[in-house]
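A.B. asks: Here it is: the structure, laid out below.
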Amino acid sequence: MSSFIKSVLLDLRDKGNNLEELYFIIPSKRAGVFLKHHLSKIINEPIFSPQILSIEEFVEEMSGLKSLSNSDVLFRLYNAYLKVTPKKTQEPFEVFSSWAQILVQDFNEIDRYLGNPNSIFDYLQAIKEIDHWSLETEQTDLVKSYLKFWKQLKHYYRVFTDSLLNDKQGYQGLIYREAVENLESYIENNTNKTHVFLGFNALNKCESLIIQGLLQSESAYIYWDIDEVFLKDKIHDAGLFIRQHIDKWNYFKKEPFKWALSNYSKKKNINVIGVPKLVGQAKYIGQILKKLNTDNHHLKDTAVVLGEESLLIPILNSIPKEIDKVNVTMGLPLKFVPLASLFDQLFSIHKKNNATFYFRDLIDIVFHPSLHSLFATEHCNYLHDISYYIQKNNLVYLTLHDLKKVAHKDVHDILYLMFNSWENKSEIALHRCLKLIQLIKINFNASSIELEYLYRFHTLFNQLLELNTTYQHLTSINGLYKVYNDLLQNETLDFKGEPLEGLQIMGMLESRVLDFETVIISSVNEGILPSGKTNNSFIPMDVKLQNKLPTYKEKDAVYTYHFYRLIQRAKNVYILYNTEIDALKGGEKSRFITQMEVEGIHKINHTIASPIVPIIKKQLRHITKTNDVLSILKELSSKGFSPSSLTNYIRNPLDFYYEKILRIEAFEDVEENIAANTLGSVIHNTLEDLYKPLEGKFLTIDNLKAFKLQIKSYVTHHFKDLYKDGDFTSGKNLIIFEIAQRYISNFINSEIQQLKNGNTIKILAIEADEKIELNIDAIPYAIRLTGKVDRIDQFNGVTRVIDYKSGKVDQGKVEIVDWENITTDYDKYSKSFQILCYAYMMHKTNKIELPIEAGIISFKNLNGGFLKFGKKDSTHTKNKEQLITEDTLSNFEIELKKLITEICNPSVDFTEKELD
């Protein structure tokens, strides 16, 4: 395959040109590297490198103006805005910048296409006066303000451009306009220069006039890269612009057109693959590359072209390990590096300018990986004190004072730097951020990549500081954040690589002028390639057409050319698109794919595929009982197994191992909203306070009515005790606080109703703490069972063992059919197991006489009343025995001992259960 660049160089050499004296102008800087490479291959002796410029650099040189950054342009436009706009109607910079960027784009287009700004903005103003929505004869202030904005656009333009020209500066459009003004003088002063334009397609009016002027003066060559198929087809968008140039340029009436070649029609292997999701495409591209690499394919002639730049990181993670030479031309967006999230979080908390901080925001910042070296050393970790203090005291909102109170004095300055108010002043914010970067650098044994992150953010904040010093428009943190974010979006970290070797990864625009034997293109979907109908402009479609400004149709044609040019010399083409339906984009393959199919020039292999994802079978873990584990089990047995610990083992033996053997406590997060277990504890503790004094006594209606008057004070006391410094006076917590009172009140009301119905209730024990010893033949040491029973009473003379549940429990959860299942199925039988444990312990300590009833009172199901344990007949499941007898507890004892024997058996591993 002979590349376009090489063909151009050979043609220039054959014409007798001195290559080192030529002046090459190319669409992008990227192509310059390949141009020098091909040049080195065709020369026989060393030469000085010719001048190689991108079109933007060349035009800037012609104009005599210095190009300003996007941020500088925005600030200079704001200066013009302040001069034109009356003080009382002026908007702050952060509001202005939200619409000014669109205005700058419009100014750019008007200038690049040499539009008449006065004519365009007068026309636009007239349209808006006709279109405005007010039907009243007298215009309202809102309408007047709206129309005044459109009237002032041409004044913004005039003051803005005059100011820039006086300072010999410009934005891209103004630079182009000035370059055209200087064209004649440039030609006169550079008669000895020979310019070579190569690989261009769509040209704005300024570029067109500049190139035509140089061609007419015989001081330039121009080489196009177009295939005959696209040129001859009068409706093919890939040849739209070049056909226009041939028709309209006088130069081509005398000179031959170079070049229309026939590469596209040559035999190609074209595969169109539909793959679900972006990550799916990345993984599938990895599979393609792996196959190409194993087939001894030359990956140096292979390019992966990304339709969406967000696919870069997934692609890099999907490249097979055996491919060691990769060159990435795109750069990693700075917004994706870890340090970006730290500053984003700092801006987020300081934009509110509050003295208090939400605990999650605070934790996210102090635990940020970039700050680890500031808070942790080899000998101590200051973060533990902060997180423990927040969790222990259940603090949802904290102040800097709260943090300093608990944090070690060594980190007070760091905390001050991050959490002391920025006072809504951009100067303070910038100096604090720069100081923080310096501290991280000093304390951080950073790798080269992490130092690069710090350096780039240091540069970015210095740039912001310079902008603020120069223009002094960043008067608030919101305004600063807006500009910071705009700068961050455009900053990238360049990858190190060999640009001429190995696999090439690039964006669509970076592929201009370059040719590859194998091309893999991702995200070829409507709304991406091409981008489709987008109108980020104040200028309506009809006004653009009237003034010959580009519309979305021309922009689509630009990408049509890039797409087809990329594959016209390629032999192997892989086109991937997203099959998943997306609300905004994706789901529909691009019209480019359909067009290729309709053309019928090539056979298209169309498949729907999914990336090969390795099936990872979940391996259930087994923990062998070592001597140390057995020793701990013996210690646990001596202290006593609780019903909840035994049901935890039934649910998953591995959880039991972590909690009881390794003593790993469950992480207690801050309760922003009162948790279910806190609600349950409050209810239990309140009922204990109310009923405990009545142990051994019969309940009376007067007792219960007196309880109702005490509910609020007890509930408040226990919430304060358990919820620490958490607030339950408003929001969802207030609702939960009221629910706790309502549950208790409803329960007492149900007890009052029972007494009114002639029933008697005698309280035998409240929160009875029991411990018994079990003799198990298979275990050579003492086994104890321990637990606390919520309530034991006598209802009409029948003893009841009651367990309170604040959640919802149905009757079916306290019934069993087969005794063997009670220690195997947690979901169905854990409630039955617990209440039988309590009944068994109470019976063994002679606190109750059989037969008895045992069951649950569910506060979310009070209408169900006392939910009694029941043993169903295996043949007639509707028949059930609800009285607990000696026989019942004997059967339960057998299963209980089996379970404890299994736990303590050295030869039975702790085996993980697969949970739903």
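A.B. asks: Only four residue types carry charge here, +1 at the Cβ of Lys and Arg and -1 at the Cβ of Asp and Glu. Report the dipole size of segment 181-236 about the Cα centre in Debye, rounded to the nearest 20. Don't skip to the end; give the middle numbers.
C.D. replies: Numbers: 4 positive and 9 negative charges, 13 e Å.
Using only the charged Cβ atoms, the result is roughly 60 debye.
A.B. asks: Below 8 Å between Cα atoms, with a sequence gap of 6+, how large is the relative contact order for the chain in percent? Walk me through the numbers on the way to the answer.
C.D. replies: Working: 1339 pairs, mean separation 115.1, N = 916.
Relative contact order for the chain comes out at 13 percent.
A.B. asks: Roughly how many debye, to the nearest 20, is the charge dipole of the chain about its Cα centre, given +1 on each Lys and Arg Cβ, -1 on each Asp and Glu Cβ, and no other charges?
C.D. replies: Dipole magnitude for the chain comes out near 780 debye.
A.B. asks: How big is segment 176-219 on each of its three principal axes, counting only the C-alpha atoms and giving the largest first in Å?
C.D. replies: Taking the Cα atoms of segment 176-219, the three principal extents are 27, 22, 13 Å.
A.B. asks: Hey, what's the chain come to in accessible area per residue, 1.4 Å probe, Å²?
C.D. replies: Numbers: 44900 Å² over 916 residues.
Using a 1.4 Å probe on heavy atoms only, each residue of the chain averages 49 Å².
A.B. asks: May I ask you to list the aspartates and glutamates whose Cα is less than 15 Å away from that of residue 88, ignoring any residue fewer than eight positions away on the same chain?
C.D. replies: Excluding near neighbours in sequence, the set is 141.
A.B. asks: Still on this structure, I have one more. Compute the Cα gyration tensor for segment 666-821, then decide on rounded, prolate or oblate, letting a ≥ b ≥ c be the square roots of its eigenvalues: rounded whenever a/c is under 1.5, prolate when a/b is larger than b/c in the other cases, and oblate in all that remain.
C.D. replies: oblate
A.B. asks: Put +1 on the Cβ of each Lys and Arg and -1 on the Cβ of each Asp and Glu in segment 203-278; which of 235, 273, 220 then has its Cα farthest toward the positive end of the dipole?
C.D. replies: 273
A.B. asks: With the cut-off at 1.5 for a/c, could you classify segment 784-843 from its C-alpha gyration tensor as rounded, prolate or oblate?
C.D. replies: It is prolate, given that a/c is not under 1.5 and a/b is the larger ratio.
A.B. asks: So, one more: In whole percent, how big is the carbon plus sulfur part of the accessible area of segment 637-738, probe 1.4 Å, protein atoms only? Numbers along the way, then the final one.
C.D. replies: On the way: 2720 of 5290 Å².
Carbon-and-sulfur percentage of accessible area, whole number: 51.
A.B. asks: In whole percent, how big is the carbon plus sulfur part of the accessible area of segment 227-340, probe 1.4 Å, protein atoms only?
C.D. replies: The value for segment 227-340 is 51 percent carbon and sulfur by accessible area.
A.B. asks: Take a quick pass over segment 737-815 and tell me how many lysine pairs come in under 28 angstrom between Cα atoms, counting only ones 8 or more apart or on separate chains.
C.D. replies: Pairs that pass both the separation and distance tests number 14.
A.B. asks: If packing is taken as the average number of other Cβ atoms within 10 Å across a peptide's residues, how do 755-765, 780-790 rank, most packed first?
C.D. replies: Sorting 755-765, 780-790 by mean packing, highest first, produces 780-790, 755-765.
A.B. asks: Where a ≥ b ≥ c are the square roots of the eigenvalues of the C-alpha gyration tensor, would you call segment 412-556 rounded, which needs a/c under 1.5, or, failing that, prolate if a/b is larger than b/c, or oblate?
C.D. replies: In terms of gyration-tensor shape, oblate.
A.B. asks: Cut-off under 13 Å on the C-alpha distance; same-chain residues fewer than 8 positions from residue 847 excluded. Which aspartates and glutamates are left, in chain and number order?
C.D. replies: 769, 770, 793
A.B. asks: Among 124, 522, 781, pick out the residue whose Cα is farthest towards the positive end of the charge dipole of the chain, where Lys and Arg carry +1 and Asp and Glu carry -1 on C-beta, about the Cα centre.
C.D. replies: With unit charges placed on the Cβ atoms, the residue in question is 124.
A.B. asks: Just how large is the dipole of segment 163-313 about the Cα centre, in debye to the nearest 20, putting +1 at every Lys and Arg Cβ and -1 at every Asp and Glu Cβ? Show your work: numbers first, answer last.
C.D. replies: Numbers: 19 positive and 18 negative charges, 151 e Å.
With only Lys, Arg, Asp and Glu charged at Cβ, the dipole is about 720 debye.
The values are calculated or read from the model by the stated rules, or taken from the named source; none is laboratory data. Note that this is a predicted model, so its numbers are computed, not measured. Methodologically, a virtual Cβ is constructed for each residue, glycine included, from the backbone with ideal geometry; neighbour enumeration extends over all protein chains shown. With ligands, DNA and RNA removed, areas are computed over all heavy atoms of the protein, side chains included. Shrake-Rupley method; radii C 1.70, N 1.55, O 1.52, S 1.80 Å.
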